[in-house]
Amino acid sequence: MATLNRADWYDIARDTNWTPRYASVEEIFPDEMSDAFGLTVEQWEAYDEPFKISYREYVAVQSKKDADAYSVKAALARANFFDKAAPGWISILKMHYGAICLAEYIAVLGEAKMARFGKAPGMRNMATFGSLDEMRHTQIQLYFAHENIHKSRQLDWGLKTYHTQNWAGIAGRAMLDDVILGRDAATMSIMLTFALEQGFTNLQFLGLAADAAKMGDYSFSNLISSVQTDEARHAQIGTAALKVLIANGKKAQAQQAVEIAFWRNWRLFFSLTGPAIDYLTPLEHRHQSFKEFVHEFIVAQFERAIEDLGLDRPWYWDFFLDTTNYYQHSGHLELWFLRQTLWWNPAGGVTPAERAWLEEKYPGWNQRWGRLWDVIADNVQHGRQDKLFPATVPMLCNICGLSIGGIPGQGHHVKGHWTDYGERRYYFCSAPCKWIFDIEQQRYAGHKSIVDRLLAGDIQPGTIDGTLEYMGLFPGERGDDADDYAWARSALPPMNDRSAGHADAAAGL
Amino acid sequence: MDNAPTGSDARTGATLGPLKTWSYLAAQKRRPSEYEIVSVHTLYNNDNAQVPLELAAGVPMNRWYRRYRNESRLRHADWNAFRDPDARVYRSYVAAQDKEEIYVDGLLDQYNALGHDARLAPAWAETLARLYTPLRYLLHAAQMCAAYSVTMAPSSTLANCAVFEMADQFRWVSRVAYRTAELAKAWPGLGFRTGERRRWEEDPAWQPYRMLMEKLLATYDWGESVVALNVVALPAVDAGLRLLADSALEQGDPLTGFLLEAQLKDSARRNRWVRAFMQFAQDQDGSRDAVAEWLAKWQPLGEAAAAAYGEDLPGGAGRAATAIQAMRGLQDTLAAARAAAP
Amino acid sequence: MHDQVAARTSGNDSKNMVGPVLKSGDIAEAAIAAVQDDNPAAALIVENHEAYVRIKAEGQCLIRQSTMEHHLGRPFEMAELETVLASFAGQIEATPEYMRFYFDKVF
Amino acid sequence: MQTLPLVCSFEDGCILTLVPVDTGATMDEVARNVAEHFVGRMLPPQPSKVMRVRLQGGSAFLPRQLRVEEAGWQPLTTIEIAYENAAPAANA
């Protein structure tokens, strides 16, 4: 073995700041790219990354991880899991790859931006690994998605989503560009590595891994939990940055950065991971409810981390906790109605047994969402196909890009929020999204949601087909009910005309 | 905005069926490699040239991308068509570099067992303190420049090459740091570990390299940055390292010589994609003119740097001219546009 | 819901529980054993989530390299723990000799 | 007559929907127009009740015969369609 321990030389490898002479510090580290907080290079030199690893360890550990993930996949390739799994689970895989693969790639660039413009050498070095990690996540997930691409055109969205004007692609870009590439290195270290990677990625990558293991989808379970081991390391970039910022009197600004990023991430993750865990995963393979995962990873783990670093809980925390009871349910209902605009097939997920589970996990579910699904099931049973699709568009938020949901059965629980700025009204799903816009209106002004584009006549023809094509969705890739509406047959007591009505409905849809 | 082919039959109303690969790659009519499946078209922020990020057009980063990437004089009709000749992907990179690092560990163990450092000539040990261990600053500057190429690259296939380059530079920052600690133990009092920054900032042998790297760090035009770094600056650094390796072998320091050779192996891989990239990137006259201008501006800085450093090495004065000649040859090869079709 | 596979506690799941979330497998099993050895005084909870196990220790959770080697019966470098460390509660200190999870502020 | 896009909440629903309405429409017509997107799709019909229109945050219903162009609304004004508990009127 080599004679020196890492600790004997590690500090030398991060003692790489010098005083430039042929260009100024401001030219090499412009504030807009480096540090909106305005700390000096010397102040940043107190930065001490807690999760230390050397290049030598990195390539050894990472090649082990890859050998493991790819060999599990190879060993299971002949099991044809994709052909046998429940349709709802296949939909989760399609949703996951389409939403995640290229988002990872923006993080490649983001980490590299910290590797270039971070004023602390320790941040630059850890972000160098972070950039490599995110390339791993892009590539390994694309590779796994591609394995089954000959079986479904929808898997093409693994590479396609973010290149389209699909509403989900727009929403994903808006969040990623706001918290990653649209920020300086210091702010990004908080927004990307602390808020996103220490908080929310756990929901999708460990929550779904737990369900996948119960499903017997060991290839996917192993893949995404392996991805999360990289996140656990490089997410620590932000912890060390927060310590420097707070020590230098920047708590209020850091607090605001955490609050912006946390809320933006919550808005995307509830819509992605929530329906996957509470509706699309086959009932017998569900490990915990989405709310339980949120409480395990966000409330118990992340909230405590916020406090430990000397920050406060975000100002909207009580509201956030309340939304863990309903965002995913109204979001799922809306996604199901908008299924033609998706690259996956949402499962209803509301058979009597599933409703019993939902009622147990979310007391009052039947009285709230169950009654709405009754209406839908009745329409399926009676072949009222036109009622199974929306005849207009949902209002979309100009910050998060998502529809605006509340609790049904409580009068007008759902509320709109808006700001009139410049020539127009900007619309928001919630007080936190409005707050984000109002902090820096010129940063977001001019943004057009799909709804804004329809109103402005940007989408031609403004028909349903025209809009779907504008969003990049062509026949053969548009989503439909994952189970061919079978759930609706079991959702209501048997009726005399049930079989005939349903056969028509199924054939027509 | 979406320049991916979504299927030529899309607008006829026909139902799209599954393909054998991504629709983006299906057009190329041959089975894509693993490299292509996981590397091509994974960057989306170059789809919309006017508003690269999904934020107001005027936010600083949208202006930055427009000004420094999209309006760079280095242009190509389809940056996504670039391919790394080594077809390197993440998993092959970490696997290959793990093997290389095992080799380096072996070198260190072997020479440690021989009491290598203690047996160096004192004068050579001083030379290492002056001209080897301050190298980590130079390599870290290169790591930062490569990181900039990653953030600004107009396609993923190019950004990926830059990611590996950034990681390679960090690899050698780490190994130089490791050697610094070892040499500090064997040769206390020569300023190993404590003196590198001062030497990097003040020793005349380093100043032209430092000027080169600091000016590069302040160069934000993406095309100029990638060309000056890879065609001029890093080959100039390598020329110095080659001279250092020659001196080391002559001066009874095989370990430094072999470490530098291992380091230059990474450079050889970089030179392969740089050469392919420069051929690819100069398909347009405008790009060729820009490259010629940039080379004229940066090459004198590179040559001055390699010369100042090389001539200061023991025995370097006699070799530096030849080494710089070789460096020019390499730079010309790297910079060459594809030969025009007859 | 997860199973609690091991516990050394009065049943309190306090606000000061720290520790790793590990991908299930041999290394996680060794880590569960190592945590019990290396934190003799701490209240411990181990939750089995099938794909992952969550280890929680009150106040501090230490895992030593030598204890891991003992339970794995083979050489083990602490960096290898990263191959299964998917998440964690608390702050982290990672050295070649041990990994430690802790809170600065204890409630 | 022009079309004005409104953001609409329907009683007991859980989503805000964009509904274009004619500026010449009465509030009763607006309510029926909005109901199209909720009632029978995700909410059960309540034919015995009268649907009324109010602004989000407003306490009073707007007059049933008031026309959109008289209401002073701008695009993306947010309205709520709620059931009036009174017995059904003739034109419900």
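List B:VAL104, A:VAL179 from most exposed to least, where exposure is judged by having the fewest other Cβ atoms within 10 Å.
B:VAL104, A:VAL179
Go through region B:42-52 residue by residue and turn each phi into a ³J(HN,Hα) via Karplus (6.51, -1.76, 1.60, θ = phi - 60°); whole Hz please, and just put x for glycine and proline.
8, 9, 9, 7, 10, 6, 10, 5, 7, 10, x
Farthest toward the dipole's positive end in the protein assembly as shown, which of B:SER155, A:CYS101, A:ASN265, given Cβ charges of +1 (Lys, Arg) and -1 (Asp, Glu) about the Cα centre?
Projecting each Cα onto the dipole axis, the largest value belongs to B:SER155.
Output ³J(HN,Hα) for region C:28-43: one whole-Hz value per residue in order, computed from phi by the Karplus curve 6.51 cos²θ - 1.76 cosθ + 1.60 with θ = phi - 60°, and x for Gly and Pro.
5, 4, 5, 5, 4, 5, 5, 4, 5, 6, 7, 10, x, 9, 8, 5
Two decimals, Cα atoms only, Kirkwood Rh: what is Rg/Rh over region D:3-84?
0.92
Just to confirm a number: summing +1 for Lys and Arg and -1 for Asp and Glu over residues other than B:THR256 whose beta-carbon lies under 12 angstrom from that of B:THR256, what do you get?
Combined, the nearby Lys, Arg, Asp and Glu give -4.
Given Cβ point charges of +1 (Lys, Arg) and -1 (Asp, Glu) and nothing else, what value in debye, to the nearest 20, does the dipole of the protein assembly as shown about its Cα centre take?
With Lys and Arg at +1 and Asp and Glu at -1, about 980 debye.
Å³ per residue of the Cα convex hull, for region B:82-335? Please list the in-between numbers first.
Numbers: hull volume 27.5 nm³, N = 254.
Considering the Cα atoms of region B:82-335, their hull volume per residue is 108 Å³.
How do A:ILE459, C:ILE92, A:ILE464 line up, fewest other C-beta atoms within 10 Å first?
Fewest-to-most Cβ neighbours within 10 Å comes out as A:ILE464, A:ILE459, C:ILE92.
Apply the Karplus curve 6.51 cos²θ - 1.76 cosθ + 1.60, θ = phi - 60°, to the phi angles in region B:189-204 and return the couplings in whole Hz, x for Gly and Pro.
Working through the residues one at a time gives x, 8, x, 4, 5, 9, x, 5, 4, 4, 5, 4, 7, 10, 5, x Hz.
For C:MET17, what residues show an amide H to amide H distance below 5 Å, using hydrogens built from the backbone and excluding near sequence neighbours?
C:GLY59
To the nearest 20 Debye, how big is the dipole of region A:202-266 about its Cα centre, given +1 on the beta carbon of each Lys and Arg and -1 on that of each Asp and Glu?
Numbers: 6 positive and 5 negative charges, 77 e Å.
That gives a dipole near 380 debye.
Check C:THR95: other-chain or 5+ apart residues with amide H under 5 Å from its amide H, H built from backbone geometry?
Correct list: C:ARG100.
Only Lys, Arg, Asp and Glu count, each charged at its Cβ (+1, +1, -1, -1), so figure out the dipole size of region A:310-447 about its Cα centre, rounded to 20 debye.
So the dipole magnitude of region A:310-447 works out to roughly 220 debye.
With point charges of +1 on the Cβ of Lys and Arg and -1 on the Cβ of Asp and Glu, referenced to the Cα centre of region B:133-291, which listed residue (B:GLN207, B:ALA186, B:LEU139) lies farthest in the positive direction of the dipole?
B:ALA186
For the protein assembly as shown, build the charge dipole from Cβ charges (+1 Lys, Arg; -1 Asp, Glu) around the Cα centre, then report which of B:GLY223, B:ALA304, B:THR333 sits farthest towards its positive end.
About the Cα centre, the residue reaching furthest to the positive side is B:THR333.
Quick check: pseudo-label points 7 Å beyond the Cα along Cα→Cβ at B:GLU201 and A:GLN442, how many nm apart are they?
Here the modelled spin labels are 3.7 nm apart.
Which net charge results for the neighbourhood of D:ALA25, defined as the other residues with beta-carbon distances under 12 angstrom from its beta-carbon, given Lys and Arg at +1 and Asp and Glu at -1?
-2
Alpha carbons only, please: Rg and Dmax for region A:315-359, in angstrom.
Calculated on Cα positions, Rg and Dmax stand at 13.3, 39 Å.
Using the alpha-carbon centroid of each, what span in Å lies between region B:259-319 and region D:37-88?
72
Give the average, rounded to an integer, of partner chain Cβ atoms located within 10 angstrom of each Cβ in B:139-151. Don't skip to the end; give the middle numbers.
Details: counts 1, 10, 4, 0, 7, 10, 1, 5, 13, 6, 2, 11, 13.
Counting other chains' Cβ atoms within 10 Å and averaging over B:139-151 gives 6.
For peptide A:47-56, compute the average count of partner chain beta-carbon atoms within 10 Å of each residue's beta-carbon.
Taking the mean over all residues of the peptide, I get 6.
Give me, ordered by chain and number, the residues 5 or more places off D:PHE10 or on other chains with an amide H under 5 Å from its own placed amide H.
Residues meeting the amide H criterion: D:ILE15, D:ILE81.
Over the Cα atoms of chain A, what Rg and Dmax result, in angstrom?
Taking only Cα atoms of chain A, I get Rg and Dmax of 23.7, 87 Å.
Can you classify region C:34-91 as rounded, prolate or oblate using the Cα gyration tensor, where a ≥ b ≥ c are the square roots of its eigenvalues, rounded means a/c under 1.5, and otherwise it's prolate if a/b beats b/c and oblate if not?
Oblate.
If you take the beta carbon distance between A:THR463 and C:ASN48 as r and set R0 to 30 Å, what does 1/(1 + (r/R0)^6) give as a FRET efficiency, to the nearest 0.05?
0.05
When B:TYR220, B:TYR44 are ordered from fewest to most other Cβ atoms inside 10 Å of their Cβ, what list results?
Result, fewest neighbours first: B:TYR220, B:TYR44.
Which percent of Cα pairs goes in each bin when the distances of region B:173-227 are cut into 10 angstrom slices starting at zero?
Values per bin, smallest distances first: 21, 34, 29, 13, 2.
Given a cut-off of 29 Å, name the pairs among A:LYS243/C:LYS56; A:LYS94/A:LYS291; A:LYS119/C:LYS56 whose C-alpha atoms lie farther apart than that in the structure shown.
A:LYS119/C:LYS56
So, how do all the Cα-to-Cα distances of the protein assembly as shown break down into 20 Å bins, in percent, from 0 on up?
12, 42, 33, 11, 2, 0
Extending each Cα 7 Å along its Cβ direction at C:VAL106 and A:ALA79, get the distance between those two points in nm, one decimal.
It is 4.4 nm.
What whole-number distance in Å separates the alpha-carbon centres of region A:230-250 and region B:152-178?
23
Every number here is computed from the coordinates shown, using simple stated rules; none is lab data. What you see is a predicted model; the values in this text were computed from it and never measured. Please note: Cβ atoms are built from the backbone with ideal geometry, for glycine as well, and neighbour counts cover all protein chains shown.
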